[in-house]
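Just dropping this structure here.
What follows is calculated from the coordinates using simple rules that are stated; it is not laboratory data. Source: prediction; values computed, not measured. All Cβ positions, even for glycine, are placed from backbone atoms using ideal geometry, and neighbour counts span all protein chains on display.
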């Protein structure tokens, strides 16, 4: 009688997703992060360089300017970011926005210049360069009123 063949059981390694699928997932994640960041960045794009130089240029040109100092993760900052996103577009042609994420290392000079003590901090410059500082999240109507005053030169 012939010997029964012993079949070796092969252990199958757990299936791993193909490398291409992993790379595609990473690429989609990066695209989503950049899209989210670009939606939250309200600062006008400028080839002029740092936010500090943009501020200097706006003040030198006697343009009304709003400097928004914040982080991306504090609760009042997030609320104010929403308010700015809702209200500022109506004023983008008349008031310069300098949007400063305090945790971005490239903004360290402007942070030292503003002597930041708390966030969010809102700094309003009229055309003559006189500034008013507001600390904390500002209600939407009060923010709209402040931008209206800047835009109309009052």
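For each of 141, 52, 82, count neighbouring Cβ atoms within 10 Å of the residue's Cβ, then give the residues from fewest to most.
Ascending number of Cβ neighbours within 10 Å: 141, 82, 52.
Next up: How long are the semi-axes of the ellipsoid equivalent to region 39-151, from square roots of 5 times the Cα gyration tensor eigenvalues, in whole Å, largest first?
18, 18, 13
Taking square-rooted eigenvalues a ≥ b ≥ c of the alpha carbon gyration tensor, is region 113-154 rounded, prolate or oblate, where a/c under 1.5 means rounded and, failing that, a/b exceeding b/c means prolate?
Since a/c reaches 1.5 but b/c is at least a/b, the shape of region 113-154 is classed as oblate.
Please work out how much length the chain gains when fully extended from residue 140 to residue 86, using 0.36 nm per residue of separation minus the C-alpha to C-alpha distance, in nm with one decimal.
Roughly 18.6 nm would be gained on extension.
What three numbers, in Å, describe the spread of the alpha carbons of region 66-128 along their principal axes, ordered from the longest?
29, 29, 18
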